[in-house]
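A short reminder: the numbers here are calculations on the coordinates, not readings from a lab. What you are looking at is a predicted structure, and each value in this text was computed from that prediction instead of being measured. When we count neighbours, we look across all protein chains shown, and the Cβ atoms used for this are built from the backbone with ideal geometry, even at glycine.
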Amino acid sequence: MASIRAEVVINSSPEQVWAAIRDVGAVHRRLLPDRVADTRVEGDIRILVFPDGRVIRELIVDVDDTTRRLAYAVIEGAQPALTHHHASFQVFPEESGRSRLVWITDVLPDALAAEIRARVERGAADMKRTLEEEAVTGRHLAPDGGRIGITPRVTGIEGR
């Protein structure tokens, strides 16, 4: 099994980065607005809709506020066809109020590791850019693509 690890240091507080990561129903607004068109949550399932119409279904395995860790698994729609996909995000504090985001992805078959690594690295860079913009402006994307102020809210899986 291939294990891919991406780390980025983000010029934003761990609290702000974790708030965006744990907002499982807002990937299209808070993390990857240029890569994900819509996100829906149905129970423990997150549904990501991409601009080309492709849909991926993910099982949200755990949202741990104490360790600032989110774990999920792709269960349907992975391109290319993966036989196994499990990933986690974890947010750690860094000096000067910054954060370190660690994204670990385990995939099968191994032959797809290089392609998945490129996607993860590109995604991590995109998330860094989006989160740093939010930290500077104090705003994130609204459901209609406009900008709205940051408000404390919890979307998705509760009681975990």
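The table below gives the values:
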{"item": "Selection from region 1-41 of residues that are of a type in the set (Ser, Thr, Tyr) and within 14 Å of the chain's Cα centre (by Cα)", "result": "THR39"}
{"item": "Selection from region 116-139 of residues that are within 20 Å of LEU82 (Cα to Cα) and charged (D, E, K, R)", "result": "ARG117, ARG119, GLU121, ARG122"}
{"item": "So ALA135, is it buried (at least 17 other Cβ atoms within 10 Å of the Cβ), small (Gly, Ala, Ser) and under 12 Å from the mean Cα position of the chain (by Cα)", "result": "no"}
{"item": "Checking ALA71 against (1) farther than 27 Å from GLU134 by Cα; (2) without any contact (Cβ under 8 Å) to a residue 40 or more places away in the chain, the condition it does not meet", "result": "(1)"}
{"item": "Condition met for GLN90 (over 20 Å from ARG5 (Cβ atoms) and among the polar types (S, T, N, Q))", "result": "no"}
